[in-house]
Amino acid sequence: MNKLLKLITDNQADILPATEEQIAKAESVLGLTFTKEYRSYLLNIGVISFGAVETYGLGIPDTSFLNIVNALDEFRALENFPTSLIPIADIGDGHYYMYDNYTQNIVIVALPGVGIKIICSDLESFFIDLIFN
């Protein structure tokens with residue numbers, strides 16, 4: 001996440017890193033153990049706000065729509081929603097970028113039918129493209 005962190009600092013993007021306690025609570029509630037890559041994002045960054053882009057994550061209030069636990073409560077209510085998916089960003093019109101915690105791929109998900117398309121396999125590169133390109 002070093003390249004991403006440098007860009008965040010250089011561009012003065014807003015972040016709210018999560019604590020170990022917030023991560024442990026989210027893992028418990030969601031029934032997941034986050035990958036090393038995603039855990040690093042949460043601990044070092046949490047959520048990002050830059051220009052018109054906001055990302056989902058932790059480090060923010062539990063009631064925030066950007067909090068992954070809060071967001072996944074709604075997503076998981078949909079029939080056939082994969083339990084391994086974690087929202088990254090809202091694209092609009094029922095489409096979302098999501099991180100697959102099992103395959104470590106970034107996917108586009110179309111709701112409500114849960115159509116899934118793999119777009120990337122490197123979380124840091126994805127965030128750099130999403131936020132700064």
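The values are calculated or read from the model by the stated rules, or taken from the named source; none is laboratory data. Worth saying up front: this structure is predicted, and the values here are computed from it rather than measured. Virtual Cβ from ideal backbone geometry, glycine too; neighbours counted across all protein chains shown. Surface areas here come from the heavy atoms of the whole protein model, side chains and all, with no ligands, DNA or RNA. Shrake-Rupley method; radii C 1.70, N 1.55, O 1.52, S 1.80 Å.
Numbers below:
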item: Given (1) closer than 23 Å to Q22 by Cβ; (2) under 14 Å from the mean Cα position of the chain (by Cα); (3) open to solvent by 20 Å² or more (accessible area, probe 1.4 Å), index of the condition A77 fails; result: (2)
item: Every pair of residues 6+ apart whose Cβ atoms lie under 9 Å, when the first sits in region 113-127 and is closer than 20 Å to F75 by Cβ while the second is among the polar types (S, T, N, Q) and part of a helix (DSSP H, G or I); result: L123/S40
item: Candidate set: region 1-24, residues that are without any contact (Cβ under 8 Å) to a residue 12 or more places away in the chain and under 16 Å from P61 (Cα atoms); chosen: the one most open to solvent (accessible area, probe 1.4 Å); result: E21
item: Identity of the residue in region 1-15, assigned to a helix (DSSP H, G or I) and more than 25 Å from S121 (Cβ to Cβ), that ends up nearest to the chain's Cα centre (by Cα); result: T9
item: Residues within region 16-53 that are among the hydroxyl-bearing types (S, T, Y), assigned to a helix (DSSP H, G or I) and under 15 Å from S64 (Cβ atoms), tallied; result: 0
item: Any hit, region 62-80, residues being on the phi > 0 side of the Ramachandran plot and either of a type outside the set (S, T, N, Q) or part of a loop (DSSP other than H, G, I, E, B) (or both); result: yes
item: Which listed residue, of V109, V69, V53, is touching a strand residue (DSSP E or B) at 6+ places or on another chain (Cβ under 6 Å) and surrounded by 12 or more Cβ atoms within 10 Å (Cβ to Cβ); result: V109
item: Scan of region 25-48 for residues that are open to solvent by 20 Å² or more (accessible area, probe 1.4 Å) and over 20 Å from I108 (Cα atoms), ordered by number; result: K25, E27, S28, V29, G31, T33, K36, R39, S40, L43, N44
